[in-house]
Amino acid sequence: MVVHFTLVTSHTTHLSPDAHRRLLDELNWRKGEHRSEISIWIERAREHGDIRENADYDAAKNEQGYNEGRIRQLETILARAEIVEGAVGDVVSSGTVVSIRIADDEATYLVGSIEERHDEYDVLSVSAPLGQAILGRSVGEVVDYEAPVGTLKVEILDIRPL
């Protein structure tokens, strides 16, 4: 008896316009210029002789595999992307900057996709357990967060648009 499993995920990835543009640029680079560079690298490595013991060839093939995997990942992310313009800032959502207190520590994060990048803030993914715990919450709310070390209380101190 053969059993086939199909993984179906349909979650939306929330991206800022900057992140969407950056991922699209990366996808175009990987599918175009970088694929060509890798092909040239593989051809040059083949010229060195026996590919069974050719470290340069192995490295080029590994890069080719990584590149093709990243292309598939980017295509999936972009196909499921919802571009989040300016968030309102009265509840925790993608595109907001949130300050929280856990125990005696305070931290400020940009809430969004793991693909977001920001010079000033670390990114808190909406799919991470902490992100899920505070999503949709307002200033002053205290929520329970199931951390690896146990249940922690998280207080929402401030929410503002990016």
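The values are calculated or read from the model by the stated rules, or taken from the named source; none is laboratory data. Computed from a predicted structure; not experimentally measured. Cβ placement follows ideal geometry from the backbone for every residue including glycine, while neighbour counts extend to all protein chains displayed.
Here are the numbers for the structure shown:
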quantity: Test for Ala107: is it farther than 19 Å from His20 by Cα, surrounded by 16 or more Cβ atoms within 10 Å (Cβ to Cβ) and not β-branched (Val, Ile, Thr); calculated: no
quantity: Cβ pairs under 7 Å, 6+ apart, first in segment 54-75 and in the same structural domain as Ala19 (by TED's automatic domain parsing), second assigned to a helix (DSSP H, G or I) and small (Gly, Ala, Ser); calculated: Asn54/Ala45; Asp56/Ala45; Tyr57/Ala45; Ala60/Ala45
quantity: Any pair with Cβ under 9 angstrom, 6 or more apart, that starts in segment 103-126 at a residue that is modelled with pLDDT of 85 or more and ends at one that is in a loop (DSSP other than H, G, I, E, B) and among the aromatic types (Phe, Trp, Tyr); calculated: Thr108/Tyr121; Tyr109/Tyr121; Leu110/Tyr121
quantity: Given (1) surrounded by 11 or more Cβ atoms within 10 Å (Cβ to Cβ); (2) under 21 Å from Arg22 (Cβ atoms); (3) not small (Gly, Ala, Ser), index of the condition Ile42 fails; calculated: (2)
quantity: Residue ID - surrounded by the most Cβ atoms within 10 Å (Cβ to Cβ), chosen from residues in segment 114-131 that are under 15 Å from the mean Cα position of the chain (by Cα) and not in a loop (DSSP other than H, G, I, E, B); calculated: Leu124
quantity: Flag for Asn54 being surrounded by 14 or more Cβ atoms within 10 Å (Cβ to Cβ) and either modelled with pLDDT of 80 or more or farther than 30 Å from Asp158 by Cβ (or both); calculated: yes
quantity: Matching residues in segment 76-104 - criterion: being in a strand (DSSP E or B) and surrounded by fewer than 20 Cβ atoms within 10 Å (Cβ to Cβ); calculated: Ala81, Glu82, Ile83, Ser99, Arg101, Ile102
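Listed here are the residues, each with its yes/no results for (1) within 30 Å of Leu110 (Cα to Cα); (2) of a type in the set (D, E, K, R); (3) at pLDDT 95 or above; (4) outside any helix (DSSP H, G or I).
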position: Leu24; (1), (2), (3), (4): yes, no, yes, no
position: Leu27; (1), (2), (3), (4): yes, no, yes, no
position: Arg30; (1), (2), (3), (4): yes, yes, yes, no
position: Ile42; (1), (2), (3), (4): no, no, no, no
position: Ala45; (1), (2), (3), (4): no, no, no, no
position: Asp58; (1), (2), (3), (4): no, yes, no, no
